[in-house]
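Visitor: So that we are looking at the same thing, I have put the structure below in structure tokens.
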Amino acid sequence: MVSPDAVVTTDALVLAGLRARVDALLAGFLRRRPTTVPAQRATGDDLSTALADFVLAPGKRIRPLLCVLGWHAGGGSGAEDRVLRLAASLELFHAFALVHDDIMDASDTRRGRPSAHRAFATRHADRRDADAFGTGAAILLGDLALVRADEMLHTVRLSAREQKTVLPLLDAMRNEVVHGQYLDLLATGAPSGDIERALTVNRLKTAKYTVERPLHLGAALAGADTSVLRACSAYAIPLGEAFQLRDDLLGAFGDPRLTGKSAAEDLRSGKATVLMALAVRRADRTQRAHLVRMVGNPELDESDAARVRLILEQTGARDTVERMIADRYGDALDALERARFAPGVTSVLHHIATAAVRRTA
């Protein structure tokens, strides 16, 4: 990676190189079977293989990238090996969260491929209980991802000082995302006009988990002081909210060929998004009746989904969310200008912010 003191002019290439290093580290770690776990007889059908396949599938790796950038923002110097290991552990924790999230959401796909529980069910379709088996196996797969995340974390070999600064942030991140997921689960099903609750879930599940805490963890490993952590937060929270708001729009209006999932999936599950909350608040009686009947209905078809999308546009909910994204993007860039990060770090974080809000997948 380029020196953080240099002005980065090829940010996408820098990120691609860093992503490749994280992937190589994960591949080496996951393909090396723990000595305490025997291989299953010649089937290749075990949890370790499934976990490697899941984690190493193409992905954004946004959390590991931000962790390493946080380390540079905090003044990290020398070899990046330790921060890369910390960063890679976040991707393993994320695998745990994704597998369990897909079970709770009854999602059929993940990153354009069958979700873990669907893949297990298909692989064992000859069983009477194939669906139940798939769910149980996927739960264990998520559990294994969490175990391996801790194993990777142990290889960082944190000093006593680092344990006091890094581990509390890691604990906070894990608690926040689990509680955010529970709030999301409570709210999912029937459409609601509770915008504040949707924003709270966004903050816990995305703004803090996806952007703020990875930056904090990298900065803490570098020995940064609280002023750096505050500067990271000022950038991270509005950007993370904008990221999730874009995700909500893509969930309803995205191209499945790019997003890797049906544009009706979030509507079918009744995902409690800011987008939907705005529409419910602004809908007239007829529109609200349509939303109540269709959103959260597991039998919702593409025709119904098209009607919901029309209401999202007629009520102005879609346009409002676009404005909310633009406002938060602006806040994140303003915070980045005020932060005293090295120019190279600032440049790459600016690139990430732009990519996050303008993405199509």
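The values are calculated or read from the model by the stated rules, or taken from the named source; none is laboratory data. Given the structure is predicted, the values throughout are model-derived calculations rather than measurements. We place every Cβ from the backbone using ideal geometry, glycine too, and count neighbours over all the protein chains shown.
Visitor: Looking at the structure I just gave you, is Arg328 touching an Asp or Glu at 6+ places or on another chain (Cβ under 8 Å), of a type outside the set (Asp, Glu), in a helix (DSSP H, G or I) and at pLDDT 95 or above? So that I can check it myself, show each step before the final result.
Guide: Details: touching an Asp or Glu at 6+ places or on another chain (Cβ under 8 Å): yes; of a type outside the set (Asp, Glu): yes; in a helix (DSSP H, G or I): yes; at pLDDT 95 or above: yes.
It is true that Arg328 is touching an Asp or Glu at 6+ places or on another chain (Cβ under 8 Å), of a type outside the set (Asp, Glu), in a helix (DSSP H, G or I) and at pLDDT 95 or above.
Visitor: A further question on this structure: Quickly run through segment 155-192 and pick out the residues that are touching a Gly at 6+ places or on another chain (Cβ under 6 Å) and of a type in the set (Ser, Thr, Tyr). Spell out the reasoning first.
Guide: Here is the first cut: in segment 155-192, the ones touching a Gly at 6+ places or on another chain (Cβ under 6 Å) are 188-190.
Thr188 - this is the single residue of segment 155-192 that is touching a Gly at 6+ places or on another chain (Cβ under 6 Å) and of a type in the set (Ser, Thr, Tyr).
Visitor: Take Asp102 and tell me if it is surrounded by 19 or more Cβ atoms within 10 Å (Cβ to Cβ), in contact with a helix residue (DSSP H, G or I) (Cβ under 9 Å, 6 or more places away or on another chain) and acidic (Asp, Glu).
Guide: Values: surrounded by 19 or more Cβ atoms within 10 Å (Cβ to Cβ): yes; in contact with a helix residue (DSSP H, G or I) (Cβ under 9 Å, 6 or more places away or on another chain): yes; acidic (Asp, Glu): yes.
Answer is yes for this residue.
Visitor: What number of residues within segment 286-316 are hydrophobic (A, V, I, L, M, F, W, C) and assigned to a loop (DSSP other than H, G, I, E, B)? Walk me through it before giving the result.
Guide: So the first thing to find is which residues in segment 286-316 are hydrophobic (A, V, I, L, M, F, W, C), and the list is 289, 291-292, 294-295, 300, 305-306, 308, 310-312.
If we keep only those that are assigned to a loop (DSSP other than H, G, I, E, B) as well, we get 295, 300.
Count: 2.
Visitor: List, please: which pairs have Cβ atoms under 9 Å, are six or more places apart or on different chains, and start with a residue in segment 175-186 that is more than 16 Å from Ala95 (Cα to Cα) and end with one that is at pLDDT below 95 and not in a helix (DSSP H, G or I)?
Guide: Listed by first residue and then by second, the contacts come to Leu183/Ala272; Asp184/Lys271; Asp184/Ala272; Leu186/Ala272.
Visitor: Mind listing whichever residues of segment 219-239 are free of Cβ contacts under 8 Å to residues at least 60 places away in the same chain and not in a helix (DSSP H, G or I)?
Guide: Asp225
Visitor: Could you tell me whether segment 91-108 includes any residue that is within 20 Å of Lys261 (Cβ to Cβ) and aromatic (Phe, Trp, Tyr)?
Guide: yes
Visitor: For the list (1) within 28 Å of Arg32 (Cβ to Cβ); (2) part of a helix (DSSP H, G or I), I need the number of the one condition that Arg161 fails.
Guide: The failed condition is (1).
Visitor: Restricting the first residue to segment 245-267 and requiring it to be free of Cβ contacts under 8 Å to residues at least 24 places away in the same chain, which pairs with a second residue that is among the polar types (S, T, N, Q) and assigned to a loop (DSSP other than H, G, I, E, B) meet a Cβ separation below 6 Å and a spacing of at least six or different chains?
Guide: So the pair list comes out as Pro256/Ser262.
Visitor: Please indicate, with yes or no, whether at least one residue in segment 65-76 is in contact with a strand residue (DSSP E or B) (Cβ under 9 Å, 6 or more places away or on another chain) and surrounded by fewer than 18 Cβ atoms within 10 Å (Cβ to Cβ). Spell out how you get there, then give the answer.
Guide: Going through segment 65-76, the residues in contact with a strand residue (DSSP E or B) (Cβ under 9 Å, 6 or more places away or on another chain) turn out to be none.
For segment 65-76, residues in contact with a strand residue (DSSP E or B) (Cβ under 9 Å, 6 or more places away or on another chain) and surrounded by fewer than 18 Cβ atoms within 10 Å (Cβ to Cβ): absent.
Visitor: Now for a different question. Search segment 240-268 for residues being modelled with pLDDT of 90 or more, over 15 Å from the mean Cα position of the chain (by Cα) and part of a helix (DSSP H, G or I), and hand back the single one that is surrounded by the most Cβ atoms within 10 Å (Cβ to Cβ).
Guide: The selected residue is Leu267.
Visitor: A further question on this structure: Surrounded by 14 or more Cβ atoms within 10 Å (Cβ to Cβ), of a type in the set (D, E, K, R) and closer than 27 Å to Asp101 by Cα: is that true of Arg328 in this structure?
Guide: Criteria met by Arg328.
Visitor: If you don't mind, there's one more thing I want to ask. Out of all the residues in segment 178-192, which are surrounded by 16 or more Cβ atoms within 10 Å (Cβ to Cβ) and under 9 Å from Ala272 (Cα atoms)? Show your work before the answer.
Guide: From segment 178-192, those surrounded by 16 or more Cβ atoms within 10 Å (Cβ to Cβ) are 180-181, 183-184, 187-188, 191-192; that's our starting set.
Those that are surrounded by 16 or more Cβ atoms within 10 Å (Cβ to Cβ) and under 9 Å from Ala272 (Cα atoms): Asp184, Ala187, Thr188, Pro191, Ser192.
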